Amino acid sequence: MKFTNLTRQTEIGANSYYLEMGRHRLLLDCGMHPKNTGEDALPNFKAIGDREVEAILMSHAHQDHIGMLPLAMRRFPGAQIFMTEATAEVGSVLLHNSVNVMTRQREELGEMSYPLFTHREIDRASKRWRRCPPRQRISIAGERAAEREKDTLTFEFFDAGHVLGSTGALLRAEGQTVFYSGDVNFDDQTIMQAAVFPEEKIDVLILECTRGDHAIRR
Ligand SMILES: [Zn+2]
């Protein structure tokens with residue numbers, strides 16, 4: 001197994017992670033830094049050279065997790081893109097808004113590479129997104145996977161309780177399990193229920209830790 005952090009900063013940033021499990025390669029999230037501009041706002045794709053990925057999994061529709069998905073789709077044209085229905089709906093609105101923001105920044109900041117993608121590109125890209133229900137084991141090729149299939153990489157989305165449609169992803173391949181939490185909330189909120197994560201044994205946990213050093217107040 002190989003895990004490469006493509007996020008440039010150790011703070012909230014352009015979250016993106018490259019993961020190799022057996023012969024499978026995938027990307028977890030592809031965000032845009034909410035404050036930086038230009039190259040500094042992008043995940044560091046150089047860290048994985050010319051490696052291809054089979055699939056891109058989106059945990060939720062926040063700018064710092066989905067904001068550069070159109071660029072990732074350009075770089076990995078053969079990759080399947082997976083997310084929940086709600087993430088797809090909110091995500092496409094967010095990306096269209098991002099084009100407007102970048103167009104404004106081109107004038108205000110003189111960032112001549114902006115906008116990095118267009119409204120038309122988002123419309124085309126979003127048609128390729130595979131909308132997946134939570135709690136269903138799906139193969140990286142996009143098919144419902146039988147529980148006994150051992151060699152294929154499968155994923156299963158679990159409700160992360162963070163925003164509408166947010167998920168953590170349980171990945172299984174070659175007898176190993178990896179759980180990627182995405183952003184997570186373990187408390188009930190007014191309009192969101194707390195995360196419901198798997199309780200089975202996990203070999204590798206990739207965990208959001210934005211407030212990891214804060215004591216929980218109950
Ligand atoms: Zn978030």
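The values are calculated or read from the model by the stated rules, or taken from the named source; none is laboratory data. Because the structure is predicted, anything quoted here is derived from the model rather than measured. We place every Cβ from the backbone using ideal geometry, glycine too, and count neighbours over all the protein chains shown. For accessibility, only protein heavy atoms count, side chains too; no ligands or nucleic acids. Shrake-Rupley method; radii C 1.70, N 1.55, O 1.52, S 1.80 Å.
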(message) Quick check on segment 140-158. Is at least one of its residues within 16 Å of the ligand (Cβ to nearest atom) and either in contact with a Gly (Cβ under 9 Å, 6 or more places away or on another chain) or within 24 Å of Arg75 (Cα to Cα) (or both)?
(response) yes
(message) With the requirement that a residue be away from the ligand (no atom under 16 Å from the Cβ), open to solvent by less than 10 Å² (accessible area, probe 1.4 Å) and within 13 Å of the chain's Cα centre (by Cα), what does segment 51-78 give you?
(response) Ala55, Ile56, Pro70, Ala72
(message) Among the residues that make up segment 174-181, is at least one of them under 20 Å from His60 (Cα atoms) and among the polar types (S, T, N, Q)?
(response) yes
(message) Can you pull out every residue in segment 83-122 that is in contact with a Phe, Trp or Tyr (Cβ under 7 Å, 6 or more places away or on another chain) and hydrophobic (A, V, I, L, M, F, W, C)?
(response) Met83, Ala88, Val99, Met102
(message) I'm trying to understand the selection: among the residues of segment 157-180, which are closer than 11 Å to Thr84 by Cα and either of a type in the set (S, T, N, Q) or open to solvent by 10 Å² or more (accessible area, probe 1.4 Å) (or both)?
(response) Asp159, Leu164, Gly165, Ser166, Thr167
(request) Tell me which residues, restricted to segment 162-182, are touching a Ser or Thr at 6+ places or on another chain (Cβ under 6 Å) and either within 13 Å of the ligand (Cβ to nearest atom) or small (Gly, Ala, Ser) (or both). (result) Gly165, Thr167, Gly168, Gly182
(request) Return only the number of the condition from (1) within 16 Å of the ligand (Cβ to nearest atom); (2) at negative phi; (3) under 14 Å from the mean Cα position of the chain (by Cα) that Asp29 does not satisfy. (result) (2)
(request) Evaluate segment 86-98: report whether one residue or more is open to solvent by 10 Å² or more (accessible area, probe 1.4 Å), out of contact with any strand residue (DSSP E or B) (no Cβ under 8 Å at 6 or more places or on another chain), more than 22 Å from Gly165 (Cβ to Cβ) and away from the ligand (no atom under 16 Å from the Cβ). (result) no
(message) Considering only segment 11-21, I want to know if a residue exists there that is open to solvent by 30 Å² or more (accessible area, probe 1.4 Å), among the charged types (D, E, K, R), within 21 Å of Arg211 (Cβ to Cβ) and within 15 Å of the ligand (Cβ to nearest atom).
(response) yes
(request) Could you please give the count of residues in segment 30-84 that are of a type in the set (Val, Ile, Thr), in contact (Cβ under 8 Å) with a residue 40 or more places away in the chain and either in contact with a helix residue (DSSP H, G or I) (Cβ under 8 Å, 6 or more places away or on another chain) or under 20 Å from Ile138 (Cα atoms) (or both)? (result) 3
